[in-house]
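What follows is a set of notes on a single structure, which appears directly below.
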Amino acid sequence: MNDPGAPRGEFASGLAGERVIGRRRSDRIVGSSRAIQDVIEQAVAAAASDLPVRISGPVGAGKEQIARAIHSWSARASGPFVVASCLGVPEALRGRELFGCAESTYPGLPEAHEGALARAAGGTLLVDHADLLGGDLSQALAKALADGRFQREGEAGAIPLAARVIAVSRHPLSISALRELPHHEIVVPPLADRAEDILPLASHFLGLAAAEAGVEAVGFTGEARTALLADPWPGNARELAERVGQALRLSGNGAITAEALLIAAPPDQIPSFKDAKRAFERRYVIGLLRRCDGNISRAARLAKKDRKDFYDVIRRTGVDPTEFR
């Protein structure tokens with residue numbers, strides 16, 4: 001049933017720590033970690049205003065998902081959600097794609113073109129890989145946002161800017177178009193920094209893959225769950241989704257095994273034993289310290305280790321216990 005206290009477009013769900021940004025199961029933001037809850041809170045705040053948004057984070061972390069959440073929770077939810085990616089568009093044509101152009105502005109492209117800013121009127125424009133805009137285009141976009149209007153290339157008249165702009169890139173400081181303007185800033189952390197979200201996400205992706213394949217999602221074996229937690233996931237949630245889907249196809253109708261997860265990994269993404277052990281240790285320590293509010297003695301007792309030995313493990317992982325107090 002609908003949650004009366006939820007942002008616009010959000011619906012209650014059956015998984016703890018899960019935020020739904022639409023009626024589709026694939027629209028859910030899954031995670032109970034403090035890190036992802038902070039991101040969700042920031043997204044809710046951004047949805048309540050009409051200021052531009054900068055979203056940054058590593059590849060596959062879920063930046064577009066957060067952008068879609070902001071749109072769905074906002075007063076613009078009934079309007080279009082337009083994605084304009086700078087990746088794959090020749091640098092000379094990026095202005096045409098973003099602002100549009102009049103007839104005969106570009107040699108070889110005589111037709112007028114409606115840019116993404118106009119197509120997103122009344123809704124949200126996601127500028128993906130915004131760090132590739134370049135200096136001139138970044139300044140033009142910043143001016144359009146500041147003035148509330150823009151010009152199509154080759155035209156003198158100004159067009160009211162009726163779209164909300166969300167700019168996405170890998171690095172927070174690389175989106176220069178919004179740097180000097182009032183805006184919301186959201187940094188999506190890598191999956192390696194929110195170990196509590198790995199198993200809920202894996203179950204979520206398994207359910208999606210099973211529904212698509214028309215089979216029953218049995219779950220993961222104990223060894224598979226251990227393998228999931230041990231993997232550093234350099235490709236973040238996107239890699240996790242792909243690996244789980246492939247492992248399901250390899251496992252048939254049975255539970256997902258650790259072997260299936262390993263076979264599903266591309267050779268260059270299989271971590272060394274040393275790296276996997278280091279990643280598991282770090283996640284294990286973070287989980288215990290978070291549960292014990294940074295109390296090393298309590299965490300050591302749960303780990304069934306001497307306090308000094310456990311402190312050596314903490315120091316080896318580089319985790320700061322004071323961050324959890």
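The values are calculated or read from the model by the stated rules, or taken from the named source; none is laboratory data. Just so we're clear, the structure is a prediction, and the values are computed from it rather than from any experiment. Virtual Cβ from ideal backbone geometry, glycine too; neighbours counted across all protein chains shown.
Annotations
- Taking the listed residues 152, 164, the one that is over 24 Å from residue 69 (Cβ atoms), surrounded by 15 or more Cβ atoms within 10 Å (Cβ to Cβ) and either of a type in the set (Lys, Arg) or in contact (Cβ under 8 Å) with a residue 60 or more places away in the chain (or both) is 152, with no other qualifying.
- Members of region 295-325 that are outside any helix (DSSP H, G or I) and farther than 20 Å from residue 192 by Cβ: 295, 304, 305, 306, 325
- Residues of region 52-84 that are among the β-branched types (Val, Ile, Thr) and either within 16 Å of residue 184 (Cβ to Cβ) or touching a strand residue (DSSP E or B) at 6+ places or on another chain (Cβ under 6 Å) (or both): 53, 55, 66, 70, 82, 83.
- Within region 143-175, being small (Gly, Ala, Ser) and over 19 Å from residue 92 (Cα atoms) holds for 144, 146, 148, 156, 157, 158, 162, 163, 167, 169, 174.
- Residue within region 56-73 that is farther than 24 Å from residue 235 by Cα and more than 17 Å from the chain's Cα centre (by Cα) present: no
- Of 130, 120, 112, 102, all but one fail to be in contact with a Gly (Cβ under 9 Å, 6 or more places away or on another chain) and buried (at least 18 other Cβ atoms within 10 Å of the Cβ); the exception is 120.
- Restricting attention to region 103-128, the residues that are under 25 Å from the mean Cα position of the chain (by Cα) and at pLDDT below 90 add up to 0.
- For residue 95, the conditions (1) within 30 Å of residue 283 (Cβ to Cβ); (2) in contact with a helix residue (DSSP H, G or I) (Cβ under 8 Å, 6 or more places away or on another chain); (3) not in a strand (DSSP E or B) are fulfilled apart from (1).
- Qualifying residue in region 253-261 (condition: within 29 Å of residue 188 (Cβ to Cβ) and assigned to a loop (DSSP other than H, G, I, E, B)): no
- If you go through region 21-45 and pick out every residue that is in a helix (DSSP H, G or I) and modelled with pLDDT of 85 or more, you end up with 12.
- If the condition is being without any contact (Cβ under 8 Å) to a residue 40 or more places away in the chain, under 28 Å from residue 59 (Cα atoms) and of a type in the set (A, V, I, L, M), then region 90-115 contributes 92, 93.
- Residues (on the phi > 0 side of the Ramachandran plot, at pLDDT 85 or above and exposed (fewer than 14 other Cβ atoms within 10 Å of the Cβ)) located in region 267-325: 293, 304
- Residue match in region 68-83 (condition: crowded, with 21+ Cβ neighbours inside 10 Å, part of a helix (DSSP H, G or I) and among the polar types (S, T, N, Q)): yes
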